[in-house]
Amino acid sequence: MNAGYLRGVYLRLAGVVTLAVMMALALNAYLSQRTFERALAPEVAKKVISVGGSIRSLVLRAVESGVPFEELYGVTEGFEEVHDEAPEVAYLAITDTHGKVLHERMRAPVGARAYFGAERTLDLLRKPDAVPPPVRLGNLYMVTLPIVAPDKPLGLLHIGVDVRFVNAMVLDMLLDVIVVLVVSLFFTLELLHFIAGVKLDASLRTLGETFARGAEGDFRTPYQATGEQAFGSLMELLQATLARVNQAFAALAQAVDDGRRVPAHERAPALSQAQAGLVSLGQRYRFGRESDPREADPTLLAKVRAPLFVFILAEELTRSFLPAYVHKLLIPLPGISPQLVLGLPIALFMLIVAIGQPFFGLWCERLGHRRTMLIGGAVAAIGFGGSALAANVLDLLAWRSLCGLGYGMVFVAAQAYVLDHAPPTQRASSFAIFVGAIMAAGVCGPSIGGILADNIGMRPTFALAALLALCSLVVMRGLPDGRPPAENRPPMRVPTVSEIGTLLMNRNFMIVTGLAAMPAKILLTGMCFYLVPLYVLTIESTQAMSGRILMTYGAVMVVVAPLTAALATTRERMHWLVGGGLVVSGLGGALLLAGAGIGWIFAAVVLVGIGQSLSISAQSALVAEHCLAEIATMGDGIVYGVYRLLERLGNALGPMIAAALVLFVGYRSSFVVIGCAVALAGAAFLVATRRESARALAPV
């Protein structure tokens, strides 16, 4: 039995729990959807009845004024006004007491005449106060209201609601249910990881190592007693057994040593054989106390995931409706078009994160991870709260600046925490904790934020984001303070202007940064964070739909990114992954040449997600591959610091470029222009890297 086997047991247990949760969520979603379908038609009928009540009142008032019911005029014009106010109404008619049509608007559904004259329909005249259920006729739900004067029945009012309207509402609810199901699953996995996963994983690892060491003959007791953990009783039993074995060996060694201290003539005859056996036993097995291993504690490493997930979720909640919120707060700014103003809060947020990263790193080194994250979380919470109360776009810019400041501090501190606590040989796998929290928040946040914005409003959703940021502070308090000692860790510093200039003039560095990293980020923020939320509203959809679309991007990243990361094993493959990913992402924007509906937007975002997944893992690795000499001269901290700075500047440029394009060519063409430009950048990257490879292989 080894650690790998026990970890497999843990993963299977986690899989069973996840499967049970998925089945429960799916059943709940199915039952909820059935409930929606049953309740929706009556709810639509109630709305139609209120509209029909107004028409009926007008008819009765005209009849009371002496106008014969059969000779009413202006009815068709009144029907036109009703249709303009309630587009879901697809048919209106008034019939007499025998079912004969006197007035109607729009085309009658199949079977309407038979329904109007049916006995069960005419029986409604005897029940003027009854609220009849809707009846399905062809492609309409028909609601019939009796028109009864005080002295006699006059006729019936028939209002038809388009089935497509009801089906669209059902589909919208179904999508919301699916979103809630997916988000609930991610929340469950994060909660499982936070409550039991870390402790259970660490306990299984410790248990497996104990069995493996025992099988190898290592009976030393641990250097430090483990804290509260799963399988505590079993571990205590194993530790007690190890203690007894060591005590017995120590007692045997002491007895042999005591036997040697007595005079020679009093020594036991077999003492020399016992001493030789003791030496042989000590050589074959290991006893005593284990030395200080100085290894990273896996529970410490995983503690950062929960606060990071909650904090990033707060920011992601605003992703789907932020441009629309800015639009509501617009005020005229001299010399700046409204389209550019819409992109300013996103660009300013990204710019603060980009420029502030080196300074946040220095601050984290001085204050420690925990204090930096607490300060950053508090600053962001104030920014979210202020954003909820913003009076105009200038107020919002100030508050979003605080959000960017806090986000940058938490992001840098969490990243440094992972790097400091990860074993040197496991940094890549340990960094999955950091990336996993961001991806999970990216799936949950935009979708739930869009639903909340549509149902409770954008300001309350900002307030909820502030509350989430405050909740993350509670979890951050559980992180260890300070930074662990590291003998070979170089001191952090801000890149100098000359170093930045040297890298900007470096051909290999700029091939990766200028042709790959920056275009990818410009596409992401310009298209997904700016164009998609605004364009969805222009085609008369909702912020919830915008959130679902952005959720698709996160879901694709979660699924595809780990698979493509495993393919980035050689430099040649990384070139193709990065270049191909950019081309695929660009095709996502160009896809709107084929259509302008919601389905095309979904398909475009899926392609962007696939393209980003292909390239994101290989981009960072290619910096080291292309800039070995610069890393040897300046250090990897400086080279990667400038790379991240330029990459995040691409984040800041994306919304502004998209806004400028919207000003000149409109939303749909902006998707196409950005997509084609990024696809061309990907093709140029492939050409440039092929030439570099050919030059490197050419004989000198």
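Each reported figure results from applying straightforward, stated rules to the coordinates on display, with no laboratory input. None of these values were measured; they are calculated from a predicted model. Backbone-built Cβ (ideal geometry, glycine too); neighbour counts: all protein chains shown.
Lysines near Lys328 by alpha-carbon distance under 30 Å, same-chain residues fewer than 8 away left out - which ones?
Lys47, Lys521
Can you give the Rg to Rh ratio for region 611-686, taking only C-alpha atoms and Rh from Kirkwood?
Result for region 611-686 is an Rg/Rh of 1.08.
Excluding residues on the same chain fewer than 8 positions from Lys152, give the lysines whose Cα lies under 21 Å from its Cα.
Result set, ordered by chain and number: Lys100, Lys127.
In whole Å and largest first, what semi-axes does the C-alpha gyration tensor of region 509-554 yield when each eigenvalue is scaled by 5 and square-rooted?
Rounded to whole Å, the semi-axes are 28, 10, 5.
How high is the relative contact order of region 554-661, given as a whole-number percent (alpha carbon pairs under 8 Å, six or more residues apart)?
Result for region 554-661 is 30 percent.
Calculate I(q)/I(0) for region 28-168 by the Debye formula, one identical point scatterer on each C-alpha and no solvent, and give its log10 at q = 0.12, 0.13, 0.18 Å⁻¹ to two decimals.
Log10 of I(q)/I(0), two decimals: -0.47, -0.55, -1.01.
How large is Rg/Rh for region 539-640, to two decimals, with Cα atoms and a Kirkwood Rh?
Looking at region 539-640, the ratio lands at 1.12.
Size of the dipole of region 28-168 about the Cα centre, Lys and Arg at +1 and Asp and Glu at -1 on the beta carbon, nothing else charged, in debye to 20?
The dipole magnitude comes to about 600 debye.
Once Rh is set to the Kirkwood radius over Cα pairs, what Stokes-Einstein translational diffusion coefficient, in µm²/s, holds for region 497-700 at a temperature of 20 °C and a viscosity of 1.002 mPa s?
Reported coefficient: 123 µm²/s.
Just name one of Leu646, Phe671, Thr633: the one whose Cα is farthest towards the positive end of the charge dipole of region 552-700 (beta-carbon charges, Lys/Arg +1, Asp/Glu -1).
Among Leu646, Phe671, Thr633, the one farthest towards the positive end of the dipole of region 552-700 is Phe671.
Could you run the Debye sum over the Cα atoms of region 439-586, one equal point scatterer each and no solvent, and tell me log10 of I(q)/I(0) at q = 0.10, 0.11, 0.19, 0.21 Å⁻¹, two decimals?
Treating every Cα as an identical point scatterer, log10 I(q)/I(0) equals -0.61, -0.73, -1.17, -1.21.
Per the Kirkwood definition applied to all pairs of different Cα atoms, how many angstroms is the hydrodynamic radius of region 93-187?
Answer for region 93-187: a Kirkwood hydrodynamic radius of 15.3 Å.
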